[in-house]
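A.B. asks: So that we are looking at the same thing, I have put the structure below in structure tokens.
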Amino acid sequence: MTTALWVALAAAVALVLLWAYLTAQRLDRLHIRVDRSRDALQAALDRRCAVIAATVPEFAARARAAEAVRLTPRDVTTRCGIEDALRGDVDKHAPAAATSRDLADADTRVMLALRFYNDAVSDTRAVRLRAPVRVLRLGGTAALPEYVSLKAFPTAM
């Protein structure tokens with residue numbers, strides 16, 4: 001091989017390594033964004049549980065139990081199922097409390113946090129599911145984030 005071929009090969013390898021490095025950095029930032037938005041969603045759900053506990057005393061124990069369940073990177077569906085059931089029961093059994101201003105404000109905060117979380121998940125999955133990223137395992141050991149859907153907000157995704 002000639003020197004020019006070696007230089008071209010070295011340049012191509014350097015470009016691939018640079019692309020992999022920059023993509024891994026982007027994925028790291030995206031995973032941090034997902035973690036932060038999941039924490040914000042956790043806080044919004046906790047706040048809504050606190051409002052439910054204060055507004056509807058008969059659901060206080062269930063609200064505190066729901067608040068004790070944490071959102072984790074590998075399991076976001078457990079808390080969401082509990083929240084769906086709790087919010088549905090509040091709507092059904094305490095319609096006056098379900099329309100209170102504080103609960104509406106908490107619902108709005110949950111909806112916004114849910115949108116931010118699902119947007120971060122979309123961006124992360126778009127990069128993580130590309131073939132070169134999967135082959136080179138640039139996502140590392142981080143779990144592939146899951147979308148969250150709450151029945152009260154069917155258009156939040």
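A.B. asks: Which one of these is touching a Ser or Thr at 6+ places or on another chain (Cβ under 7 Å) and among the β-branched types (Val, Ile, Thr): Val76, Val69?
C.D. replies: The conditions single out Val69.
A.B. asks: For Ala98, all conditions in the list (1) surrounded by 20 or more Cβ atoms within 10 Å (Cβ to Cβ); (2) over 30 Å from Gly139 (Cβ atoms); (3) touching a helix residue (DSSP H, G or I) at 6+ places or on another chain (Cβ under 6 Å) hold save one; what is the number of the exception?
C.D. replies: (1)
A.B. asks: Tally the residues that are small (Gly, Ala, Ser) and more than 15 Å from the chain's Cα centre (by Cα), restricting the search to the stretch 1-45.
C.D. replies: The qualifying residues number 8.
A.B. asks: Could you tell me which residue of the stretch 69-95 is surrounded by the fewest Cβ atoms within 10 Å (Cβ to Cβ), considering only residues that are in contact (Cβ under 8 Å) with a residue 12 or more places away in the chain and not in a helix (DSSP H, G or I)?
C.D. replies: Arg74
A.B. asks: Oh, and also: Which one of the conditions (1) more than 26 Å from Leu30 (Cβ to Cβ); (2) at pLDDT 90 or above; (3) not basic (Lys, Arg) does Thr99 fail to meet, given that it meets all the rest?
C.D. replies: Single failed check for Thr99: (2).
A.B. asks: Next question, about the same structure. Which one of the conditions (1) over 17 Å from the mean Cα position of the chain (by Cα); (2) more than 18 Å from Asp28 (Cα to Cα) does Arg79 fail to meet, given that it meets all the rest?
C.D. replies: The number of the failed condition is (1).
A.B. asks: From the list Asp28, Asp46, which one is out of contact with any strand residue (DSSP E or B) (no Cβ under 6 Å at 6 or more places or on another chain), within 18 Å of Ala142 (Cβ to Cβ) and surrounded by 11 or more Cβ atoms within 10 Å (Cβ to Cβ)?
C.D. replies: Asp28
A.B. asks: Of these, Arg33, Arg62, which one is assigned to a helix (DSSP H, G or I), in contact with a helix residue (DSSP H, G or I) (Cβ under 6 Å, 6 or more places away or on another chain) and over 26 Å from Asp123 (Cα atoms)?
C.D. replies: Arg62
A.B. asks: Of all residues being closer than 23 Å to Ser37 by Cα and assigned to a loop (DSSP other than H, G, I, E, B) in the stretch 102-138, which is modelled with the lowest pLDDT? Just the residue, please.
C.D. replies: Only one residue tops the list, namely Leu138.
The values are calculated or read from the model by the stated rules, or taken from the named source; none is laboratory data. All values derive from a computational prediction rather than experimental measurement. Methodologically, a virtual Cβ is constructed for each residue, glycine included, from the backbone with ideal geometry; neighbour enumeration extends over all protein chains shown.
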